[in-house]
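Okay, structure first, notes after.
Every number in this text was worked out from the coordinates using simple rules, so none of it is lab data. Note that the coordinates shown come from a computational prediction; the quantities given were computed from them, not determined experimentally. Cβ placement follows ideal geometry from the backbone for every residue including glycine, while neighbour counts extend to all protein chains displayed.
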Amino acid sequence: MARSTFVYVTYIRTSQERLWSALTTDTEFMKQYWFGTQCISQWKAGSPWKMLWPDGTVADTGEIVESDPPRRLVIRWEHQAKPEIRGEGPSLCTIELEPVEGVVKLSITHTIERDPSKFIEAVSGGWPKILSNLKSLLENGAAVLTAPYPTDPGPG
């Protein structure tokens, strides 16, 4: 089967532990870089996972496939809000954090067994905005983009 993939790599001046927390358990911090969106889970393999837009809409659901804090997180991720994207089925999001020369290399790989994919098209627009905000917030204390995140899929 054909596969669509989105990959994003950035380097952030922070610790692996702080970045892991920002990506997972620190929901108030998450809302600052993800335009009010939050992800809720126990962050352990087998745990359910869901993403809520600021208005409380369940945007995405899934399951934690793998969790190795503060190094690697794999989420089975399925969009719920828009039927034309929900019909594409689950995707897999792999998040890797690696210390490199005093900073952390953050790599996100999002794949789905469908080509072309409206979901991957959506996350290709969303992840760069979200991760630019995350990097700026961790390094400088302020998000770069402050406009409300549009209610479209992924990764938000």
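Taking the chain as the reference, fit the longest principal axis to its C-alpha atoms, fit the long axis of helix 118-140 to the helix C-alpha atoms, and give the angle between the two in degrees, 0 to 90, nearest 10.
Approximately 10 degrees, to the nearest ten.
Given R₀ = 30 Å, FRET efficiency for Thr94-Glu28 by Cβ-Cβ distance, to 0.05?
Once the sixth-power term is evaluated, E becomes 0.75.
Determine, for each peptide in 14-21, 139-146, 30-37, the mean count of other beta carbons within 10 angstrom over its residues, then list the peptides with the highest first.
Ranking, from highest mean packing down: 30-37, 14-21, 139-146.
Could you tell me which label, among (i) 0.94; (ii) 0.96; (iii) 1.06, carries the value of Rg/Rh (Cα atoms, Kirkwood Rh) calculated for this structure?
(i)
Evaluate E = 1/(1 + (r/R0)^6) for Lys50 and Glu101, where r is the Cβ-Cβ distance and R0 equals 41 Å; express this FRET efficiency to the nearest 0.05.
Efficiency at R0 = 41 Å is approximately 0.70.
Counting pairs of alpha carbon atoms under 8 Å apart in space and at least six apart in sequence, what relative contact order in percent does segment 4-140 give?
RCO, segment 4-140: 29 percent.
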